[in-house]
1. For region 124-184, what Kirkwood radius comes out of the mean inverse Cα-Cα distance, in Å?
2. Would you mind putting 75-84, 9-18 in packing order, based on average other-beta-carbon counts within 10 Å, highest first?
3. By the scheme Lys and Arg +1, Asp and Glu -1, what is the net charge of all other residues having a beta-carbon under 11 Å from that of Gln67?
4. In debye, nearest 20: dipole of region 2-152 around its Cα centre with unit charges on the Cβ of K, R (+) and D, E (-)?
5. Output the relative contact order of the chain, whole-number percent, from Cα pairs under 8 angstrom with separation of 6+ residues.
6. Ordering His114, His107 from largest to smallest accessible area (1.4 angstrom probe), what's the sequence?
7. Build a GNM of the chain with springs between Cα atoms under 10 Å: which of Ala118, Ala19, Ala54 gets the top mean-square fluctuation?
8. Please identify, among Ala165, Ala46, Ala144, the residue showing maximal mean-square fluctuation in a Gaussian network model of the chain using a 10 angstrom Cα cutoff.
Amino acid sequence: CHQADAIGSALTGEDVLVATGTASGKTLCYSLPLLQTLRESPEATALLLFPTKALTQDQSRAFGRLQEATGLNDRLSGVYDGDTSPATRRKLRDHGSVIFSNPDMVHAGIMPHHVRWARFLERLRYLVLDEVHVYSGMFGSNVALMLRRFRRLCEHYGSRPQMVACSATIANPGLLADQLTERKFRLIDEDGSP
């Protein structure tokens, strides 16, 4: 039920925060609306942020399988991180539809070179923040400041990406996401997984 609720809310344009248990299928809550958007608007782009490289790689592979299953593997998606080759970085920047990355790469690799990223930023429809519960303390403060700067860049290029965030079950996920992003989320925390 939480997946259906999140997908329905995302498809109506709401910023959505899904806070359910581990392995409850949160990935589909942002992947399916994103794939629907790519089908309807081939020029759309999305940026998905994860706190660790391993998780970024895993989620990119899973999304690639969904792309193939839905016939959307002609949309370029891939990982943009410190291990990505310069050639692949350029290809993702210039032609990518869905980029999997982390806050550090947005800070160091995208924002300082935003003019080169104009095509991607002006078409940005989704900004996904996974594992929001990790963004607390000093790390969370840094991510919050990076997101403010990134949001201003998006506004400069005429986009206002919809946000979908996922979190493990924590005491007050809505407050954390609101403070982290300065946006109001529709909180979905009733876990319907078996």
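1. On the way: mean 1/r = 0.0838 Å⁻¹.
Its Kirkwood hydrodynamic radius stands at 11.9 Å.
2. On the way: 75-84: 18.1, 9-18: 20.1.
Top to bottom by mean Cβ count within 10 Å: 9-18, 75-84.
3. Numbers: positive: Arg39, Arg61, Arg65, Arg75; negative: Glu68, Asp74.
Neighbourhood net charge equals +2.
4. Dipole size: approximately 520 debye.
5. On the way: 326 pairs, mean separation 68.1, N = 194.
Once divided by the residue count of the chain, the mean separation gives 35 percent.
6. Working: His114 50, His107 100 Å².
The ordering from most to least exposed comes out as His107, His114.
7. Result: Ala54 has the largest fluctuation of those listed.
8. Ala144
The values are calculated or read from the model by the stated rules, or taken from the named source; none is laboratory data. Just so it is clear, the model here is predicted, and its values are computed rather than measured. We place every Cβ from the backbone using ideal geometry, glycine too, and count neighbours over all the protein chains shown. SASA here: full protein model, heavy atoms, side chains in, ligands and nucleic acids out. Shrake-Rupley method; radii C 1.70, N 1.55, O 1.52, S 1.80 Å.
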